[in-house]
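The values are calculated or read from the model by the stated rules, or taken from the named source; none is laboratory data. What you see is a predicted model; the values in this text were computed from it and never measured. Neighbour counts run over all protein chains shown; Cβ positions are idealised from the backbone, glycine included. With ligands, DNA and RNA removed, areas are computed over all heavy atoms of the protein, side chains included. Shrake-Rupley method; radii C 1.70, N 1.55, O 1.52, S 1.80 Å.
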Amino acid sequence: MKKLQALLIAVLCFTSISIFAQQKADTVFEPAKAYKKHYNALYILNEADDKKVRGILRNINNVLNDPRLKGKLHIEVIAFSDGVEMYKKANSYQELLIALKDKGVVFAQCAKTMEERKIDKNELFDFVHYVPSGNGEIILRQYEGWAVVHP
Amino acid sequence: MKKLQALLIAVLCFTSISIFAQQKADTVFEPAKAYKKHYNALYILNEADDKKVRGILRNINNVLNDPRLKGKLHIEVIAFSDGVEMYKKANSYQELLIALKDKGVVFAQCAKTMEERKIDKNELFDFVHYVPSGNGEIILRQYEGWAVVHP
Amino acid sequence: MKKLQALLIAVLCFTSISIFAQQKADTVFEPAKAYKKHYNALYILNEADDKKVRGILRNINNVLNDPRLKGKLHIEVIAFSDGVEMYKKANSYQELLIALKDKGVVFAQCAKTMEERKIDKNELFDFVHYVPSGNGEIILRQYEGWAVVHP
């Protein structure tokens, strides 16, 4: 009789543990919510791959239209290393960049990359801004509380 | 005599600077410590490369077992762009995903990617949740104080 | 007359909106500033690609010289997965690593990667430190307020 009782208790315990584990895994999911009035995000580009460049610009378009962030989001893009290609007049991103600039997106370039690669500012679009180093910008913006996205 | 004294002082200064520089470089290293009771992390996947997908799932397994974070860490995975492949029933990650889901990991997908690529929700696993945009989720979770990992 | 008035108002409104939109797009850009006395940054390497390894080490050099952060920045590098190659005596990064170590940069390695790949600590440079998991370090440092850079 005692054996049966012990078995019964064991089965019960096991069942409730299983149910608990199940519940834990299935807790109701809530997407992040936007409680603040204003958000800042720094987008990072350090690659020249065409798919990557177009991808980051499409991502920025999408996030500006995310119903949670619409009208609340300021974006700065920082390019360094191979990412500088996005800003060259000789390449084909002018239209996409200006469309985003007109939505308030700010474009910044690492001055160190310019120096290392001997690129003249005239080779880049006039609306590009310069920061001492791309990595410095990434670190300082995080300390200012900005979100960072490196897609 | 004065010359000798000056030389001696110079040598002393130089030696102490060297020792100081050495000490600075060799300061005792301490891994980060977990003082809080609960941590949240958002894992990002935007690639379809099999090595990347398996890598991120293995990383999540490892971090859940990190003695510093064990039992304290809640993880949400956000997939966007090519990352959606991880959730397709047609691909081979079901077993790995369910093992993590059973440990409480939550899987979220960018709804914008679904729309752009005309993917039906039926093509993805039932336990996948949806957020308006993957990039919005990345920005908002950072503002909520979450850590972000993009391996 | 009323029609003309309405038209005039409409034109005026439209013009001022355009000017406003233009101004919004052209707001004066200010690079991030360093108001604090000390900054911490965690650099992440999980690739073995030679260009990536040299790139991260060059980035660290550059950011240590960013006039905004000079003398204020402490850097820890965390390697995991394929990133462990950077620390192997058999590879060719010794000189670059020691130059950064002498500037106070701290090098850490994921112990989990060592175990999974059966790498002996003797294969890595003596100045490498170990943390239970690379991903745990990434999460915990963010909670400690560190900036994270994954170039």
Those residues of the range A:35-47 which are touching a Gly at 6+ places or on another chain (Cβ under 9 Å) and either open to solvent by 40 Å² or more (accessible area, probe 1.4 Å) or basic (Lys, Arg) (or both) amount to A:GLU47
Failed criterion for B:ALA90 (all others in (1) under 25 Å from B:SER133 (Cβ atoms); (2) surrounded by 15 or more Cβ atoms within 10 Å (Cβ to Cβ); (3) of a type in the set (A, V, I, L, M) hold): (2)
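Would you tally the residues in the range A:132-141 being touching a residue at least 12 places away in the same chain (Cβ under 8 Å) and at the interface with chain C (Cβ under 7 Å from one of its Cβ atoms)?
Adding up the residues that qualify gives 6.
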I want to confirm something. Restricting to the range B:17-34 and keeping residues that are farther than 16 Å from C:VAL106 by Cα and modelled with pLDDT of 95 or more, which single residue is least open to solvent (accessible area, probe 1.4 Å)? B:ALA34
Looking at the range A:96-119, I want the residues that are free of Cβ contacts under 8 Å to residues at least 24 places away in the same chain and at the interface with chain C (Cβ under 9 Å from one of its Cβ atoms) and have a partner that is surrounded by 14 or more Cβ atoms within 10 Å (Cβ to Cβ) and not hydroxyl-bearing (Ser, Thr, Tyr) with Cβ atoms under 8 Å, at least 6 apart or on another chain. Which pairs are those? A:ASP102/C:ALA25
Across the range B:118-151, what is the total count of residues that are assigned to a helix (DSSP H, G or I), acidic (Asp, Glu) and open to solvent by 20 Å² or more (accessible area, probe 1.4 Å)? 1
Can you go through B:VAL84, B:VAL63, B:VAL77 and tell me which one is surrounded by 20 or more Cβ atoms within 10 Å (Cβ to Cβ), in a helix (DSSP H, G or I) and within 14 Å of chain C (Cβ to nearest Cβ)? B:VAL63
So for the range B:108-117 (the condition being surrounded by fewer than 16 Cβ atoms within 10 Å (Cβ to Cβ) and farther than 25 Å from A:ASN59 by Cα), does at least one residue qualify? no
